[in-house]
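The values are calculated or read from the model by the stated rules, or taken from the named source; none is laboratory data. Small disclaimer: the values here were computed from a predicted structure and weren't measured. All Cβ positions, even for glycine, are placed from backbone atoms using ideal geometry, and neighbour counts span all protein chains on display.
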Amino acid sequence: MDFKLDKSHQLQQQLFRSFAENEVRPLAKEMDENETYDLGLLSKLQKYGFLGIPYAKEYGGCGSDTLAYTLCMEEVSKVDASTGIAISVHTSLCCSCINNFGTEEQKQKYLRPLIDGSKVGCFGLTETNAGSDVQGAQTVAVKDGNDWILNGSKIFTTNAGFADTCVVFALTDRTVPASKGLTAFIVDLKEMPGITVSDNIERMGIRAASNCIVTYENVRVPADRVLGPMGKGFKIAMGALDCGRIGIAAQAVGIAQGALNEAIKYGKERKQFGKSINSFQNTQFKMAEMQTKIDAARLMTWRAAIAEDNHEVFGPLAAMAKLFASDVANEVTRFAVQAMGGYGYCREYPVERMMRDAKITEIYEGTSEVMKMVISGSMKLK
Amino acid sequence: MKIVVCIKQVPDTAEVKLDPKTGTLIRDGVPSIINHDDRAGLEAALQLRERVGGTVTVVCMGPPQADVALREALAMGADDAYLLSAREFGGSDTYATATIIATALKKIGFDLVITGRQAIDGDTAQVGPQIGEQLRLPQVSYAEELDVDGDYIFVKRQFEDSAHVLKVKMPCLVTALSELCEPRYMSVRGIVDAYEKTVTVWGFDDLKNDLNPEWIGLKGSPTNVFQSFGKKMRDPGTLLKDLTADQAVEAIMEKLIERHII
Ligand SMILES: Cc1cc2nc3c(=O)[nH]c(=O)nc-3n(C[C@H](O)[C@H](O)[C@H](O)COP(=O)(O)OP(=O)(O)OC[C@H]3O[C@@H](n4cnc5c(N)ncnc54)[C@H](O)[C@@H]3O)c2cc1C
Ligand SMILES: Cc1cc2nc3c(=O)[nH]c(=O)nc-3n(C[C@H](O)[C@H](O)[C@H](O)COP(=O)(O)OP(=O)(O)OC[C@H]3O[C@@H](n4cnc5c(N)ncnc54)[C@H](O)[C@@H]3O)c2cc1C
């Protein structure tokens, strides 16, 4: 066992870090305030391969791995969690479904442009009546000749405002529970008639991210866009969420480390009672505690990533990493605001944004309560 | 067109401190980077290759750890890489460094050699021109623009208050300023590819047929660093603000008299 990144991963981390510092950091505050993602930045992410990290070169990907993807998620989320979620939903939720369940032809046609940097993807599972519990799903697909006709509405579809491709889940059999009746489809958000993407849903955090309601009204989907076996949509979605949770855990680690770094930098300069606030033992001990928790969260995230790379069972490991890291992100960002006093609370400094951003990591891709269901489910408690 | 770029691995001076006792750089724990001018030169080479075709080779003399600088260059898009590394090369001054690099360049072959103008640690700006002299190549230093047309390159050379545009027949050597090009990032795939390639390592034995051992390393170096020391910071001056002209004259006079200057 070796906890040190190898040379290739170190160099990738160096790339992610310098890109985040030079390209993402200068835009983070403005994007948050405008509640809009900068599309110029998106195309730079595509250009340097940030949207195809763990996928095979033969399909146009970078040929790297999940561990490198977590390094990317951490580094970009250190400065801007919205950039993190754009990468994560595209990579883990959308692309992993096609990579793991697509036919050779589907991979060439739909995966390649997503991972070679020409297109952006999203993932439509959640509905107003189907959040933690997918059983409430109401979006349906009905066969018409060789095609499928999609009707329904998906809420909280991240990236939908600019994405090209969406993996969407619809009931193809309403006589059985959703876990057996859902099927996955690959749709073109921009090209297929009948699809409407709402304005950005107004949110507390990750406000630069695109997050919309997508409505499907008699959308005609050709049969070659059915992804995986009929009725296996639930399994495909859960598999994607297992991958996604590693990315969210890494995002949480990044938010936490980014906030702690800000607090450390500020506390060196800020003087009260005649000395820097970092020279108070209370501040030092809190910082030591926060760094310890961040490191633990990072190691759990890497463990889950390496398990996925080694094709081992990683679902419960990913759930543990996300449960722990998202809690740490919230604790550390709250501390960072506290450590910076009134200035921490002001928008001039990034930690108030990081505190708002941290909250979502406990909610999406399965809430913390759902993580506990996944973890306890793997513990043979009954 | 075959372009060879010489890159030096240097300590990141943004994070470097001087040892107050010895006056030398404290290198421990300081991250290493590719010298800024050299990255600009590499970017220029990559852009030339994109326009007219050919290959870009990178060469670095340094310890085994300099491998990562070459991987970074490969990840930016260089085609192949050579590391010149041997105990015999240690302690070389600029002349000996240029001798070793020139010998390797002869063996590698080239149409155009690009070096940086100056390394941010050694700071002499001598190695590029010395390589040019040893290879008897026409050379243009301080390049801020670079273009190619057939067998000729066009270089805009920076001066303090003016610039020259020179037309030079290849093979030739150019030393690049950081202003020459904004270097690109590595790409993720580039890094993966870089670690699947081989960096050719040449030691003394690989070059010895063309290399006189008397001219390299510490004993082959005509110059020696005799002493190095940091400069003492001077006290900042006194700033007199918000005075009328008369008050200012009076204040200055007072100081001059106080110091027995007048
Ligand atoms: C910004 C954002 C981006 C998102 N992006 C996407 C996306 O790209 N694609 C997508 O499909 N979805 C997306 N989602 C949806 C997200 O995954 C869901 O919001 C999440 O799964 C929770 O579902 P819900 O909001 O319906 O909450 P609910 O399921 O209604 O849960 C409400 C509360 O009840 C708790 N709870 C529910 N059931 C139980 C139980 N059995 N035991 C204990 N507690 C329980 C939950 O933990 C939670 O605290 C996004 C959401 C947001 C806010
Ligand atoms: C152990 C040791 C002992 C030394 N002893 C002496 C000594 O006794 N006397 C002395 O004068 N100096 C000595 N030096 C310093 C050494 O001479 C210089 O670091 C070296 O010659 C490069 O000169 P420079 O840094 O001024 O580069 P510059 O001339 O400023 O560099 C210009 C360009 O030349 C190219 N270049 C320079 N070095 C390399 C390289 N290694 N690989 C590839 N390209 C390169 C780069 O493109 C660079 O941008 C010693 C260095 C070491 C490590």
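Computed values, structure above
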item	result
Selection count where residues are more than 30 Å from B:P138 (Cβ to Cβ) and part of a helix (DSSP H, G or I), scope the range B:172-191	4
Residue count, the range A:187-211 (criterion: crowded, with 19+ Cβ neighbours inside 10 Å, in contact with a strand residue (DSSP E or B) (Cβ under 7 Å, 6 or more places away or on another chain) and among the aliphatic types (A, V, I, L, M))	5
Where B:R87 falls short, out of the listed (1) basic (K, R); (2) surrounded by 24 or more Cβ atoms within 10 Å (Cβ to Cβ); (3) over 25 Å from B:V140 (Cα atoms)	(2)
Residue in the range B:207-227 that is out of contact with any helix residue (DSSP H, G or I) (no Cβ under 9 Å at 6 or more places or on another chain), away from ligand 1 (no atom under 16 Å from the Cβ), in a helix (DSSP H, G or I) and more than 28 Å from B:G90 (Cβ to Cβ) present	no
Exclusive hit being touching a Gly at 6+ places or on another chain (Cβ under 7 Å) and modelled with pLDDT under 95, set B:L218, B:L239, B:L211	B:L218
Segments classed as strands (runs of 3 or more DSSP E), wholly inside the range B:73-161, with at least 1 members that are within 11 Å of ligand 2 (Cβ to nearest atom) and away from every other protein chain (no Cβ under 14 Å)	B:80-84, B:112-116, B:139-149
Failed condition for B:A194, given (1) in a strand (DSSP E or B); (2) more than 29 Å from B:Y95 (Cβ to Cβ); (3) among the hydrophobic types (A, V, I, L, M, F, W, C)	(1)
A:Q46 being away from ligand 2 (no atom under 16 Å from the Cβ) and in the same structural domain as A:A184 (by TED's automatic domain parsing)	no
Check on A:V214, outside the structural domain of A:L42 (by TED's automatic domain parsing), over 30 Å from A:D295 (Cα atoms) and buried (at least 23 other Cβ atoms within 10 Å of the Cβ)	yes
Residue tally, condition under 20 Å from A:N129 (Cα atoms) and in contact with a helix residue (DSSP H, G or I) (Cβ under 7 Å, 6 or more places away or on another chain), over the range A:198-230	0
Subset tally (residues that are more than 10 Å from ligand 1 (Cβ to nearest atom) and of a type in the set (A, V, I, L, M)) for the range A:120-163	7
Enumeration of residues in the range B:4-39 that are in a strand (DSSP E or B), more than 9 Å from ligand 2 (Cβ to nearest atom) and within 14 Å of chain A (Cβ to nearest Cβ)	B:S32, B:I33, B:I34
Condition met for B:V249 (more than 25 Å from the chain's Cα centre (by Cα), within 14 Å of another protein chain (Cβ to nearest Cβ) and more than 19 Å from B:G90 (Cβ to Cβ))	no
Residue selected from the range A:25-61 under the condition farther than 20 Å from A:M73 by Cβ and in a loop (DSSP other than H, G, I, E, B), by the criterion farthest from the other protein chains (Cβ to nearest Cβ)	A:E35
Residue check for A:T215: more than 14 Å from chain B (Cβ to nearest Cβ), over 30 Å from A:V351 (Cα atoms) and more than 16 Å from ligand 1 (Cβ to nearest atom)	no
Of residues in the range A:138-174 being over 17 Å from the mean Cα position of the chain (by Cα) and of a type in the set (S, T, Y), the one surrounded by the fewest Cβ atoms within 10 Å (Cβ to Cβ)	A:S153
Test: residue in the range A:67-88 that is surrounded by fewer than 18 Cβ atoms within 10 Å (Cβ to Cβ) and not assigned by TED's automatic domain parsing to the domain that holds A:A256	no
Residue in the range B:173-180 that is under 30 Å from A:S8 (Cβ atoms), within 18 Å of the chain's Cα centre (by Cα) and within 14 Å of chain A (Cβ to nearest Cβ) present	no
Criterion violated by A:M379 - all others in (1) part of a helix (DSSP H, G or I); (2) loosely packed, with under 14 Cβ neighbours inside 10 Å satisfied	(1)
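Conditions tested, residue by residue: (1) β-branched (V, I, T); (2) touching a residue at least 24 places away in the same chain (Cβ under 8 Å).
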{"site": "B:D12", "(1), (2)": "no, no"}
{"site": "B:P20", "(1), (2)": "no, yes"}
{"site": "B:T24", "(1), (2)": "yes, yes"}
{"site": "B:D37", "(1), (2)": "no, yes"}
{"site": "B:A40", "(1), (2)": "no, yes"}
{"site": "B:C60", "(1), (2)": "no, yes"}
{"site": "B:A66", "(1), (2)": "no, yes"}
